[in-house]
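The values are calculated or read from the model by the stated rules, or taken from the named source; none is laboratory data. Since we're looking at a predicted model, the values are computed, not measured. Note: ideal-geometry Cβ built from the backbone for every residue, glycine included; neighbour counts use all protein chains shown. To get the accessible areas, we keep the full protein, side chains included, count just its heavy atoms, and leave off ligands, DNA and RNA. Shrake-Rupley method; radii C 1.70, N 1.55, O 1.52, S 1.80 Å.
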Amino acid sequence: MPTTGELLDALFDLKHDLGKYLFLPLGMLPREAPLTEVIAAARKGLLQTRIAGDLSRDVADLWREFTDAWADGLSRFDAFERLSRAVDGARAWQNRLTTESPAFSRDELESDFKAVGQAIGALIEEVRGE
Amino acid sequence: MSKPRVLVIDDGTTYADVIAQMPEFDLVDPQVDAQIPCLKDGPDALTFLAAHRRRIDVVLLDMKFDVPQERLFSLGETATTRQNKRYQGVAILREIRQRFPKLPVVLLTAVEDLSLVDVADELTAQSMTYFLDGDDLDALRIRINSAWRDAQDELPESRVLWGTDASMRELRRRLMVLARGSMPVILEGETGTGKSFLAEQFIHLNSGRKGPFVVLDLASIPTELIAAHLFGAVRGAYTGSVADRRGVFEMADKGTLFIDEVQNIPLEVQKQLLLVLQDRRVRPLGSSKEIPLDVKVVASSNLPLDDAVRTGRFRSDLYMRLNPATRMRIPPLRERPGDLPYFARKLTELAVNDPEVAELRDQVLRAVGLPLDTAVHLVIGRPKPKRSDEPAALEITLPEPAWKLLRRHKWPGNIRELQMVMHNMVTFTLVGAVDAVQSGMAISAARLQVDPGLIGQLLAGSTGLLEQKSQARSASENGTIPVRIEVGASLNAVANSVERQYFLALFKTADGDFSAMAKLLLGDERKSRAVRLRFNQLGLKVREIAKQ
């Protein structure tokens, strides 16, 4: 069974690699940016989530690596379920974001992407409070 | 108009790409790697900075670096590779600070994300180090600009300890402007926040005025003599006046007059003061001669002056003449807890160099075999392993329990109280070491640990004062809070909303002390984590509440 310290270590990495970088391209886009740029930024967040050196990983890779290693240790925490739902919610945008996309709310998109970082934060707090 | 030149140190390219597209900034492209417009690790960054420091106004520094181990700076002997990667920004920043102490660096992380490692205190204590509080474009833009402006405003000669809190940076910027010219300035702040020191050491020194700095403390003058002290008087002008008296306005001509506790001026004298400020002339009591004046007035109050106007204790026309647009509030220490490590360290340095303490310090330095010009530092928490190239220093270490006491304290006496506590802490700790040496004990390590019990004793006096204040506040609020309920909401939503409002009110009443909240809610102050967790679950954010 992993220790609390190990779980927190892993969660802080996830918060940085997934929580931060999923939303960052969108967050750094001006509010008045056209739809095509919003879609491109969101797709970058989903598909080129964490680029370090020559290595690029997408949301699916990061989430799979994380759950393979830590899901057993985290499943007892309520916020883990919330995090799983948040990641699914963000990934669901992948199919909606094409240049032929019907109009969608940028606020809704940002809210779904931000929810991942928030859910990781909530899980960190829950693990800390144990 | 010039633009800040920004260098990005990041193992990814997101931030460099963003800066490149922002017309208000110039991205410094290091051209180390043709593919990426930033520096991807610490060694590259230090090499580049050594050669090009003058080309850079602000550095953006990422926190986590997924780079090969041989490209990582170490955080210390005990740090794992994983920790070195995740907090590599800290290790790089330490290297930067050694060589470029005044270079503004924005760390691309929120300060709460550093809570797993004992570095947040170290970093928040540094001037010219900033955190990115947010992950949007505006947050980045604001942070870079404020770092750049602070570097331009940097005043190395100032004796004022500003700290790192954004409110104090803003205060400094505004006072720098207000110091010039003859417009009055109002300084508001609780006792001990340093109003008179700020007036003398910052406003007066930056006013460009050649005349003297004169203080009139209205709290210490009998009411019936206030007019004579302010405006002067000729012999016989009032009972007991046996000689001519120069008023403080006349004394401060061509300089600055600091009127402390201005709310204490009697109403009948306020009218006269208004005329002096309007006409820029003063007529001493009993005299027919008017004296022209060129005085900058700084008025201070430990209560909001507009409250005094509302209750009729202060004339509104005088208040308007004192220029409420320039009313500056110095926040109490408890509103800027992030500044506590900075002040603790700085005030320790001041204390050890105080002539009254210096003899004790020198005795200890001799006992441990260090030269008398060795620096003395305060170390908060567990001491870090010393690097071989670090200069020798005598460390006064404040263990975590002692530091916790200081952090939890509400500082009703503000900086003045902290200064006394740090001065006494240093004195008692040095005395303890000297006593040990004199009784034949050998001190070999250049490290003195502060006794947590000592801190508790030093804080006890003002803690009692605070409890009295707190009781008074509770009584005045009658133990109730108003709660808003949305009609039509589900029972569950109402329960959550009421709980949220209750937590928020408690948080404010307890000044953010989760232990105090835990004691009230659960009867056990040790359950602060559970309370904090619930606080977060209710969607409450400490940082956002603090901003309000």
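What do you reckon, is B:Leu506 away from every other protein chain (no Cβ under 12 Å), at negative phi, part of a helix (DSSP H, G or I) and open to solvent by 40 Å² or more (accessible area, probe 1.4 Å)? Criteria not met by B:Leu506.
Take A:Met1 and decide whether it is within 11 Å of another protein chain (Cβ to nearest Cβ) and either surrounded by fewer than 19 Cβ atoms within 10 Å (Cβ to Cβ) or more than 13 Å from the chain's Cα centre (by Cα) (or both). No. If the condition is being within 16 Å of the chain's Cα centre (by Cα) and of a type in the set (D, E, K, R), then segment A:69-103 contributes A:Glu81, A:Arg82, A:Arg85, A:Asp88, A:Arg91.
Which condition breaks for A:Arg76 when tested against (1) more than 10 Å from chain B (Cβ to nearest Cβ); (2) in a helix (DSSP H, G or I)? Evaluating A:Arg76 over (1) more than 10 Å from chain B (Cβ to nearest Cβ); (2) in a helix (DSSP H, G or I) leaves (2) as the failure. When A:Leu55, A:Leu35 are checked against the criterion of being more than 14 Å from the chain's Cα centre (by Cα) and facing chain B (nearest Cβ under 10 Å), a single residue qualifies: A:Leu55.
Provide a single number: the residues in segment A:80-97 that are modelled with pLDDT of 95 or more and open to solvent by less than 20 Å² (accessible area, probe 1.4 Å). Here the count works out to 4.
Taking segment B:427-455 as the range and being closer than 17 Å to B:Pro383 by Cβ, in contact with a strand residue (DSSP E or B) (Cβ under 8 Å, 6 or more places away or on another chain) and not polar (S, T, N, Q) as the test, the residues that pass are B:Ala433, B:Ala446, B:Arg447, B:Leu448, B:Val450.
Okay, residues lined up against (1) more than 14 Å from every other protein chain (Cβ to nearest Cβ); (2) touching a residue at least 60 places away in the same chain (Cβ under 8 Å):
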{"residue": "A:Ala69", "(1), (2)": "no, no"}
{"residue": "A:Arg85", "(1), (2)": "yes, no"}
{"residue": "A:Gly89", "(1), (2)": "yes, no"}
{"residue": "A:Phe104", "(1), (2)": "yes, no"}
{"residue": "A:Ala115", "(1), (2)": "no, no"}
{"residue": "A:Arg128", "(1), (2)": "no, yes"}
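Evaluate the following for A:Thr98: is it in a helix (DSSP H, G or I) and not small (Gly, Ala, Ser)? When the stated conditions are applied, A:Thr98 does not pass them.
Taking the conditions (1) assigned to a helix (DSSP H, G or I); (2) at the interface with chain B (Cβ under 9 Å from one of its Cβ atoms); (3) closer than 18 Å to B:Tyr15 by Cβ in turn, A:Leu29 satisfies each one other than (1). I need the full set of residues from segment B:295-311 which are charged (D, E, K, R) and touching a residue at least 60 places away in the same chain (Cβ under 8 Å), in order please. If the condition is that a residue be charged (D, E, K, R) and touching a residue at least 60 places away in the same chain (Cβ under 8 Å), then B:Lys296 is the only one that fits. The one condition from (1) more than 26 Å from B:Thr191 (Cα to Cα); (2) surrounded by fewer than 21 Cβ atoms within 10 Å (Cβ to Cβ) that B:Phe231 does not meet is (2). Please give the helices (runs of 4 or more DSSP H) falling wholly within segment B:1-93 in which 1 or more residues are within 14 Å of another protein chain (Cβ to nearest Cβ) and farther than 21 Å from A:Lys44 by Cβ. In segment B:1-93, the matching helices (runs of 4 or more DSSP H) lie at B:42-52, B:81-86. Which strands (runs of 3 or more DSSP E) does segment B:368-452 wholly contain that include 1 or more residues that are touching a Phe, Trp or Tyr at 6+ places or on another chain (Cβ under 6 Å), touching a residue at least 12 places away in the same chain (Cβ under 8 Å) and in the same structural domain as B:Glu356 (by TED's automatic domain parsing)? So the answer is B:375-380. Once segment B:521-530 is narrowed to residues that are more than 9 Å from chain A (Cβ to nearest Cβ) and part of a helix (DSSP H, G or I), the residue that is surrounded by the fewest Cβ atoms within 10 Å (Cβ to Cβ) is B:Arg526.
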